[in-house]
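The structure appears below as structure tokens.
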């Protein structure tokens, strides 16, 4: 039986006239199936887009409920450098400033630290809230299902959880109020030793004995 050759890029297919008819029928049938598959994929894609939109709405609600926690984290980030600087300044005052001048200097340091916080904290809070959707929101959308997000929202909206969250600052203050004086006696000698080590490493002049003791040198007696 005579045949026809149909050329391809990589292969040469030899088919009979009957085979060619079957091939055309296969192509037509396959084309219909392909259209059906494309239509189904389009419907599935539309359903997925609706699901994604619903999930984005749930994520936005989670972020809104967690905004106080986000702002609190931003505030801690902004205040941390100033707190460290105040701590270092306090150590310096204890070793290098006369006792009668420490209170005034401490007030001046606190005033400047408060000025910094008043300016820096709102800026960092604003940036944190603005970045939350593209960071925390993206993770929530990737890692949580819609049902899990709904459960998470239910937890956040629980009156018990809200009460506990509102007490966070009070509980932290209660702990720190006891912890700081409890460990101060343990940390002060270590901090002073560390300060002395840094002074030596940096080649700074050692504090005078009078400043280290927190006393002023005795005034000279007036000549008669």
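Here the helices (runs of 4 or more DSSP H) wholly within the stretch 123-224 that include at least 3 residues being more than 24 Å from residue 77 (Cα to Cα) and modelled with pLDDT of 85 or more are 138-143, 146-156, 159-166, 168-202.
Conditions tested, residue by residue: (1) without any contact (Cβ under 8 Å) to a residue 60 or more places away in the chain; (2) under 19 Å from the mean Cα position of the chain (by Cα).
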| position | (1), (2) |
| --- | --- |
| 87 | yes, no |
| 106 | yes, no |
| 114 | yes, no |
| 130 | yes, yes |
| 150 | no, no |
| 164 | yes, no |
| 174 | yes, no |
| 179 | yes, no |
| 182 | yes, no |
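The values are calculated or read from the model by the stated rules, or taken from the named source; none is laboratory data. This structure is a prediction, so every number in the text was calculated from the model and none was measured. Here Cβ is always computed from backbone atoms with ideal geometry, including for glycine, and neighbour counts include all displayed protein chains.
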